Amino acid sequence: MRTIIAGLVSVGLLVAFAGTSNAEGGRQKHRIQYGQYCNSPSAITDEQRLRNERAYERGDYYEHDSNAFPIGSRGWFEQKEREDGG
């Protein structure tokens, strides 16, 4: 009796998984274009970079992105270290 039940269960599982293995008709994968959700470095103006640097120096809130700092500033170097994991 056990072998009959085990056989029926295994055949049932085999049929169930065989029917769902076909991927046709499924949802298409939507690929997001790079840069759709992040700002490019050129989107940040020099005025915004200077404002961000001043906020960093005062200890206020500043944008934690190396592109938002003037290149070569202390905040830029420290943020690059954080981004690189060093």
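No value in this document is a laboratory result; all are computed from the given coordinates. From a predicted model like this one, the values you see are computed outputs, not experimental measurements. For neighbour counting, all protein chains shown are included, and Cβ atoms are generated from backbone atoms with ideal geometry for every residue, glycine included.
Taking 0.36 nm per residue of separation and subtracting the Cα-Cα distance, full extension of the segment from LYS80 to LEU8 would add 19.8 nm.
Taking Cβ atoms as reference points and 15 Å as the exclusive limit, the residues near GLU63 contribute a net charge of -2, counting Lys and Arg as +1 and Asp and Glu as -1.
What is segment 41-86 by shape, rounded, prolate or oblate, if you read a ≥ b ≥ c off the alpha carbon gyration tensor as root eigenvalues and call it rounded for a/c under 1.5, prolate for a/b larger than b/c, and oblate otherwise? Here segment 41-86 falls in the oblate category.
Near ILE44, no amide H atom lies under 5 Å from its own; only residues 5 or more places off or on other chains count, and H is placed 1.01 Å from N.
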